[in-house]
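Student: I am attaching a structure below and will ask some questions about it afterwards.
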Amino acid sequence: MNKRDLAKAVAVQSDVDLATVSKVLDGFTDVVTAVVSKGEPVLMTGFAKFAKVERAARMGRNPATGEQIRIKASKRARITPAKGFKDAVLSSKLAPKLARGVWPLDPDAVKRAGKAPRPTAARAQSATKTRATKVATRGRATAAKKRTAKR
């Protein structure tokens, strides 16, 4: 799976359009790379830890001659998988369930991603007014009953 396939699969799984997912993945890699290059680790709980590690200078052996050589100190990137990720990889029962069309990738599902009908602003306002009316009516009915009960 390459980056483009990953973006398509995430778009289908999360029902977000492909362009948005591609921008988010690019942003994610930029942020993780920048933060780790400054020496700060990035931990995604349940997935992985990205860190910059410094390796000390040490003595090694030239495999061809057996001669001892000095290996310089260096810096390396280290990505350590988290326990939840390792468990899911080793046992398919623990792996998250994917939506239909995520893998193997269905081109029609990619086209439909992010195109689900969403409530318009007018519908949201009318729903809010309806709820407010119901709440207000309940309060009046309760108040009316209490007045009647006091008489």
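The values are calculated or read from the model by the stated rules, or taken from the named source; none is laboratory data. Note that the coordinates shown come from a computational prediction; the quantities given were computed from them, not determined experimentally. Every residue, glycine among them, receives a Cβ derived from its backbone with ideal geometry; neighbour counts consider all protein chains shown.
Student: Yes or no: Thr20 outside any strand (DSSP E or B), within 25 Å of Ala113 (Cβ to Cβ) and either in contact with a strand residue (DSSP E or B) (Cβ under 7 Å, 6 or more places away or on another chain) or of a type in the set (Ser, Thr, Tyr) (or both)? I'd like the intermediate steps shown before the answer.
Tutor: On the way: outside any strand (DSSP E or B): yes; within 25 Å of Ala113 (Cβ to Cβ): yes; either in contact with a strand residue (DSSP E or B) (Cβ under 7 Å, 6 or more places away or on another chain) or of a type in the set (Ser, Thr, Tyr) (or both): yes.
Answer is yes for this residue.
Student: How many residues does the stretch 44-58 contain that are closer than 16 Å to Arg76 by Cα and of a type in the set (Val, Ile, Thr)?
Tutor: 1
Student: Select from the stretch 5-47 the residues that are among the charged types (D, E, K, R) and farther than 18 Å from Ala99 by Cα and list them in ascending order.
Tutor: Lys23, Asp26, Asp30, Lys38, Glu40
Student: Given the stretch 28-106, what strands (runs of 3 or more DSSP E) lie entirely inside it while holding 1 or more residues that are touching a Leu at 6+ places or on another chain (Cβ under 9 Å) and over 30 Å from Asp15 (Cβ atoms)?
Tutor: Counting at least 1 such residues, we get 48-55.
Student: Pairs please, first residue from the stretch 85-108 and within 14 Å of Gly46 (Cα to Cα), second anywhere and of a type outside the set (A, V, I, L, M), Cβ atoms under 7 Å, 6+ apart in sequence or on different chains.
Tutor: Short answer, once both residue conditions are applied: Phe85/Gly46; Phe85/Phe47; Leu94/Asp87.
Student: Contact list please: Cβ distance under 8 Å, first residue in the stretch 9-28 and in the same structural domain as Gly101 (by TED's automatic domain parsing) and charged (D, E, K, R), second residue assigned to a helix (DSSP H, G or I) and surrounded by 17 or more Cβ atoms within 10 Å (Cβ to Cβ), pairs at least six apart or on different chains.
Tutor: From residues that are in the same structural domain as Gly101 (by TED's automatic domain parsing) and charged (D, E, K, R), the pairs are Asp17/Ala11.
Student: Here's something else I'd like to know. Would you be able to tell me the number of residues in the stretch 14-44 that are modelled with pLDDT under 95 and surrounded by fewer than 11 Cβ atoms within 10 Å (Cβ to Cβ)?
Tutor: 0
Student: For the stretch 29-64, which residues satisfy the criterion of being in contact with a strand residue (DSSP E or B) (Cβ under 8 Å, 6 or more places away or on another chain), without any contact (Cβ under 8 Å) to a residue 12 or more places away in the chain and of a type in the set (S, T, N, Q)?
Tutor: Result: Asn62, single match.
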